[in-house]
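Below is one structure, written out as structure tokens, with a few remarks after it.
The values are calculated or read from the model by the stated rules, or taken from the named source; none is laboratory data. Just so you know, these numbers come straight off a predicted model, no measurement behind them. So basically every Cβ, Gly included, is an ideal-geometry build from the backbone, and we count neighbours across all protein chains shown. For accessibility, only protein heavy atoms count, side chains too; no ligands or nucleic acids. Shrake-Rupley method; radii C 1.70, N 1.55, O 1.52, S 1.80 Å.
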Amino acid sequence: MKNKKLIIIAISIVTIGIVISGWLLTRKDYDEMTYNEFINKIENSSVKNVSIIDDNTLHVKLNDHNNITYKVPNPSKEGFKEYLLINNIKVETGNSNTMQKMFQSFGVGIILIGIILYLRKGSSDNKQVIVDANKSKINSNKVVTFTNVAGNDEAKELVKDIIDFIKTPDKYSSLGARMPRGVMLYGPPGTGKTLMAKAVAGEADVPFYAVSGSDFIQMYVGVGASRIRKLFKKAKKSEKAVIFIDEIDAIGKKRAGKASASNDERDQTLNALLTEMSGFNDNEGIVVIAATNRLDTLDSALLRPGRFDRQIEIGLPDYNARREILSLHARNKPLHDSVDIGKIAKDTVYFSGAMLENLMNEAAIITANNNDKVITSNYIDKAFYTVVAGSEKKDRSNITNRDRQITAYHEAGHALITKLLLPDNVISKVTIIPSTKGAGGFSMSIPKDKMYQTKKEIRNNIKVLLAGRIAEEIAFGKDEVTTGASNDIEKASIMIKDYIIKFGMDDELGIFNAESANVKDTSIVTQCRNEINQAYKETKEILENKKEYLDEIVEELIRKETIDNVDIDIICA
Ligand code: ADP
Ligand code: ZN
């Protein structure tokens, strides 16, 4: 609120200043002249020009060399202007104060803009600030360098010569080296692709222009293309620059089998981009960096030599990288001695850099909400679940006992099968507390950090996913199962499809990837069904045999709402 007032005051002062200085600049001293005198001067042919200011005033200049402007009453008579013209006098209408008017409208404009900004600010008080993505912008707020990027060592190595090239393009062009004009960063969301692009600009000390591919979709034909051209024109003005195009897949997706007319716009935008990129000279220090989550969906035209011919993977951070990222984002935060960054890094397999940053930030917020001064591991624990599942729903009074039972069986099923089939996983939390993201409860287990997954492990993971629904069925009967398993079913279906097609692990179908070979294979669907039903049957047998464990876990869950590995170990001992 205070800030807003300051802004308003500042705008007002600036506006008043401009209006006053405009007035001062255009203000002149006038000598008065009577109408009679004026008519006499006209008869003497000594009037040079007349400005009709308004209905009451004329400004008059004479043929002498004093350059004095005289103020004369305006008779506002019909035919008066013609009379002046006949006497060879130059007549202007309101000319002498255009400057003043200009300044005035300028001032009014500023006031209006100020008011609009104020209103917009007011209405978006509680919303996230949205950067105007439609305009390419130079990020000048904070220079990002390699020190802001933790981990990603291979990627850093791979962009080093690009940075050198931006700084001294001649060094490369004189040797006839063709440097990549385009760099494609690919990898899962939140792994720091944008950060890396900014760091390249920061390390090379050049401006950073950013747009997002998604800004270009659903625009009128030609608009996207012209925007691309403008962007490059702007970048070329600064001679050296990094142009960053996020979500390049929005304009550079593979063309679907048959060309469809509706994608005209996308193609034009893409073509404009490719044309601009081929228009660089070799000694220009401009590099285009694009980012995508999926390299395989991109049009191959983008990846050809001379285009985005350097492709760099930015993957999920491994244990060491997670440690570094956590330390980086903990730097400005007071941590309690009990906090062990190494342990957090261990517990955050599959977290992206953005999630890790989010984790530390949430922990700081939760600490502040509790009016504490240091972040304890307890707060980090809380933040952990917020990042993974959304914050806990505070009002749980309207949840029926029946719902609680269903959730408890569902989650107990996941947990028990995890314990039995994936004993290496650590079950970090099973809860029947619903999250604000809509889950009724959840169970989370941390897999071992490793490179490969075996066939057996994938099958077991599928069984863990199915176990929620199966436990419901065992407890309440076939017709009483609920919608709570939809997310599990989705994940299991994708997993079984990958198992069969991508990884060639199905005994019957073997290792032929029909999708890549682009041939129809209807037996895949049948086999997916068979496999998943078989997994369902096997898992159901296990759970039925261990029904007493299942019931005990449920009991414990109803009592404590949240349990972990230790509780389950005790039950299954
Ligand atoms: P992407 O572009 O891959 O989706 P971003 O670059 O937008 O990811 O990352 C989002 C945020 O996550 C960054 O601003 C940063 O705070 C954090 N982050 C991600 N990766 C890293 C990293 N390697 N080192 C430090 N912070 C990171
Ligand atoms: Zn489930």
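Which of the residues spanning region 462-477 are of a type in the set (Gly, Ala, Ser) and assigned to a helix (DSSP H, G or I)?
Result: ALA467, GLY468, ALA471, ALA475.
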Filter result (open to solvent by less than 70 Å² (accessible area, probe 1.4 Å), polar (S, T, N, Q) and over 40 Å from the mean Cα position of the chain (by Cα)) within region 523-542: SER523, THR539
Of these, ILE399, ILE365, which one is farther than 30 Å from LEU195 by Cβ, hydrophobic (A, V, I, L, M, F, W, C) and open to solvent by 30 Å² or more (accessible area, probe 1.4 Å)? ILE399
Let me confirm something: among MET355, MET360, MET277, which residue is open to solvent by less than 80 Å² (accessible area, probe 1.4 Å) and touching a His at 6+ places or on another chain (Cβ under 6 Å)? MET360
Read through the list (1) more than 19 Å from ARG307 (Cβ to Cβ); (2) part of a helix (DSSP H, G or I); (3) open to solvent by 40 Å² or more (accessible area, probe 1.4 Å), then give the number of the only condition that LYS236 fails. (1)
Can you tell me which residues in region 495-516 are more than 15 Å from ligand 2 (Cβ to nearest atom), assigned to a helix (DSSP H, G or I) and open to solvent by 50 Å² or more (accessible area, probe 1.4 Å)? LYS497, LYS502, GLU515, SER516
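Consider region 188-218. How many of its residues are in a loop (DSSP other than H, G, I, E, B) and among the hydrophobic types (A, V, I, L, M, F, W, C)? If you could, list the steps in order and put the result at the bottom.
Kept after step one, since they are in a loop (DSSP other than H, G, I, E, B), are these residues of region 188-218: 188-192, 205-207, 217-218.
From what's left, among the hydrophobic types (A, V, I, L, M, F, W, C): 206, 217.
The number of residues fulfilling the criteria is 2.
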Note down all Cβ pairs under 7 Å where the first residue falls in region 332-359 and is under 23 Å from VAL426 (Cα atoms), the second is among the aliphatic types (A, V, I, L, M) and away from ligand 1 (no atom under 16 Å from the Cβ), and they're at least six residues apart or on different chains. VAL339/ILE375; VAL339/ILE380; ILE344/ILE380; ASP347/ILE446; VAL349/ILE446
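Residue by residue, here is whether (1) at pLDDT below 95; (2) more than 14 Å from ligand 2 (Cβ to nearest atom) holds:
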| residue | (1), (2) |
| --- | --- |
| GLY413 | no, no |
| LEU422 | yes, yes |
| ASN425 | yes, yes |
| THR431 | yes, no |
| THR436 | yes, yes |
| SER445 | yes, no |
| LYS448 | yes, yes |
| THR454 | yes, yes |
| ILE462 | no, no |
How many residues are open to solvent by less than 40 Å² (accessible area, probe 1.4 Å) and outside any loop (DSSP other than H, G, I, E, B) if we restrict to region 422-442? 7
